[in-house]
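Just below is one structure, and these are the notes that go with it.
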Amino acid sequence: MARPPYQPSLLRLTHGLTALLVLAAWLSGLFVYSRYDGRWGRLPFTPGGNWIDLHGTAGFLLLPLGLVFAAYALSLGRPRLKRITNSLALGSLVLAVATGKLMDEDWLRDGELHHLAYGLHLVAWLLIGLAVLLHVADSLRLGGTPLLASMASTTLRPGDLPGDWPEQVRRFLKRGQ
């Protein structure tokens, strides 16, 4: 049996946290859409709660984490961006966070569905859902469940501890000169 691939710990941490926040934002966005918009259909049941604030909190947390993840992806993870599914996922995340920051949370509460930023945010919501599905399918195609499992592994190799991350980045930056 082949040994599962090893994923760098900084990638696993930023990717995992980003994935959890994207899932929270995507699901809360679905509930927000169903409750306040629903032009193209509503869920049969939308759980009670203040989903706009929860969605906004997920987006607020995604901004700094997304910046760290994007910095990783554009530097140490650059070879992985050659796969279109990785680039699409990162690009749709950038679009979702950027358009979310342009919105006013009261627009939906007030029934103002005509704003360009909101329309683009809906497109980003659809894109990120599609991008995640394609990203997971591509990962399964390339490495199967061992590749997916390697992203959840807690194994650390020497030289890949959190204290080693600054040196990894320094080595990468030095290579680019």
Look at residue 102 and say whether it is within 16 Å of residue 20 (Cβ to Cβ), in contact (Cβ under 8 Å) with a residue 12 or more places away in the chain and in contact with a helix residue (DSSP H, G or I) (Cβ under 7 Å, 6 or more places away or on another chain).
-> no
Scanning region 116-147 for residues that are of a type in the set (Ser, Thr, Tyr), buried (at least 16 other Cβ atoms within 10 Å of the Cβ) and either over 22 Å from residue 36 (Cα atoms) or free of Cβ contacts under 8 Å to residues at least 12 places away in the same chain (or both) gives 139
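Tally the residues that are of a type in the set (A, V, I, L, M, F, W, C) and under 30 Å from residue 154 (Cα atoms), restricting the search to region 17-57. Walk me through it before giving the result.
Within region 17-57, the subset of a type in the set (A, V, I, L, M, F, W, C) is 17, 19-27, 30-32, 40, 43, 45, 51-52, 54.
Within this subset, residues satisfying the condition of being under 30 Å from residue 154 (Cα atoms) are 17, 19-27, 54.
Adding up the residues that qualify gives 11.
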Kindly list, by first and then second residue, each pair from a residue in region 75-96 that is of a type outside the set (A, V, I, L, M) to a residue that is not in a helix (DSSP H, G or I), limited to pairs with Cβ atoms under 9 Å and residues at least 6 apart or on different chains.
-> 75/176; 77/8; 86/77
Out of (1) touching a Gly at 6+ places or on another chain (Cβ under 8 Å); (2) more than 15 Å from residue 97 (Cα to Cα), what's the single condition that is false for residue 18?
-> (2)
Give region 149-173 a look and list any residue that's of a type in the set (A, V, I, L, M, F, W, C) and part of a loop (DSSP other than H, G, I, E, B), or say none.
-> 156, 161
Cβ-Cβ under 8 Å pairs, at least 6 apart or on other chains, region 153-164 side closer than 17 Å to residue 5 by Cα and touching a residue at least 60 places away in the same chain (Cβ under 8 Å), far side part of a loop (DSSP other than H, G, I, E, B) and not hydrophobic (A, V, I, L, M, F, W, C) = 153/4; 153/6; 153/7; 155/6; 157/6; 160/8
For region 10-46, what are the residues that are among the small types (Gly, Ala, Ser) and within 22 Å of residue 132 (Cβ to Cβ)?
-> 16, 19, 24, 25, 28, 29, 34, 41
Residue count for region 31-72, restricted to those that are over 30 Å from residue 11 (Cβ atoms) and β-branched (Val, Ile, Thr) = 3
For residue 134, indicate whether it is at pLDDT 95 or above, of a type in the set (A, V, I, L, M) and either closer than 26 Å to residue 49 by Cα or in contact with a Pro (Cβ under 8 Å, 6 or more places away or on another chain) (or both).
-> no
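Scan 128, 52 and give me the residue that is of a type outside the set (Lys, Arg) and touching an Asp or Glu at 6+ places or on another chain (Cβ under 6 Å).
Working: 128 fails: touching an Asp or Glu at 6+ places or on another chain (Cβ under 6 Å).
Exactly one residue qualifies, and that residue is 52.
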Would you mind finding the one in 47, 64, 5 that is in contact with a Pro (Cβ under 8 Å, 6 or more places away or on another chain) and not small (Gly, Ala, Ser)?
-> 5
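Would you list the helices (runs of 4 or more DSSP H) that sit entirely within region 7-115 and hold 3 or more residues that are of a type outside the set (D, E, K, R) and either at pLDDT 95 or above or surrounded by 13 or more Cβ atoms within 10 Å (Cβ to Cβ) (or both)? Please lay out each step first, then the result.
Details: elements: 9-36, 51-74, 84-101, 106-109.
Once the helices (runs of 4 or more DSSP H) in region 7-115 are filtered for at least 3 residues that are of a type outside the set (D, E, K, R) and either at pLDDT 95 or above or surrounded by 13 or more Cβ atoms within 10 Å (Cβ to Cβ) (or both), what remains is 9-36, 51-74, 84-101.
The values are calculated or read from the model by the stated rules, or taken from the named source; none is laboratory data. Source: prediction; values computed, not measured. Note that each Cβ is placed from the backbone with ideal geometry, even for glycine, and that neighbours are counted across all protein chains shown.
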